Amino acid sequence: MSKSGKSRLLEVEAKIPYGCLMITFALPKWEWFVDKFIDPADYEPQLWMDDKATYDQMHITVLYGLDSKITLDEVKPLLIPIEDINVDFKAINHFENASYGGKNSFDLIKFEVESEQLRALNKVLTTLPHKEFYSYYQPHATIAYLKTGEGAKYDRTIRPFTLKPDGYLFTSANGSTTAFIV
């Protein structure tokens, strides 16, 4: 639990119907940043998060929707070394989601990012059996889930910066999670 008393959840603790590959970043002040940046009254916990609305660790999803039969052994040979990935952070903005699975709506506040390596990796991973959720891959680093209509007040320009991830995180559809470095 963070100093603010809010419980937190890593996406990997959630019960999800599909496999997911993410990259993670070791940012020691991540929780502090989120606690200072977001007004707690604006949070909108998601169905898979109980009373939580954010993550303990910054991550970027490379591909969510991997078939439940896909294993880490099938994913690993497709990956590039983590030190070869650069992620450019461009802005903080949001998107509105009218309905997640027909259950609820929310705004998602995120870092807008760009990475040629992540786009290439996503494309390679889509050769595995998976469910398409979006027509194109738009990498982003989720900061928090907010109540509908609250996201725009957090939009801002930032001084662009580049980070290297510190590892991969694979979650299978059965909920098991493996953190690793390639």
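Here the label points at residue 156 and residue 105, each 7 Å from Cα along the C-beta direction, are separated by 2.7 nm in the simple model. Available extension along the chain between residue 98 and residue 134 is 11.5 nm, counting 0.36 nm per residue and deducting the alpha carbon span. Once all Cα-Cα distances of segment 23-182 are split into 10 Å bins that start at 0, what whole-number percent is in each one? Spelled out bin by bin, segment 23-182 gives 10, 37, 38, 15, 0 percent. Each residue, residue 67 and residue 176, gets one label point 7 Å from its Cα in the Cβ direction; the gap between the two is 1.9 nm.
Looking at segment 53-132, the GluC sites (Glu not before Pro) that sit in a DSSP loop and have at most 11 other Cβ atoms within 10 Å of their own Cβ are 132.
Bear in mind that the values in this text are calculations on the coordinates, not laboratory data. Predicted, not measured: the structure shown is a model, and the values here were computed from it. Cβ atoms come from the backbone with ideal geometry, glycine included; neighbour counts cover every protein chain shown.
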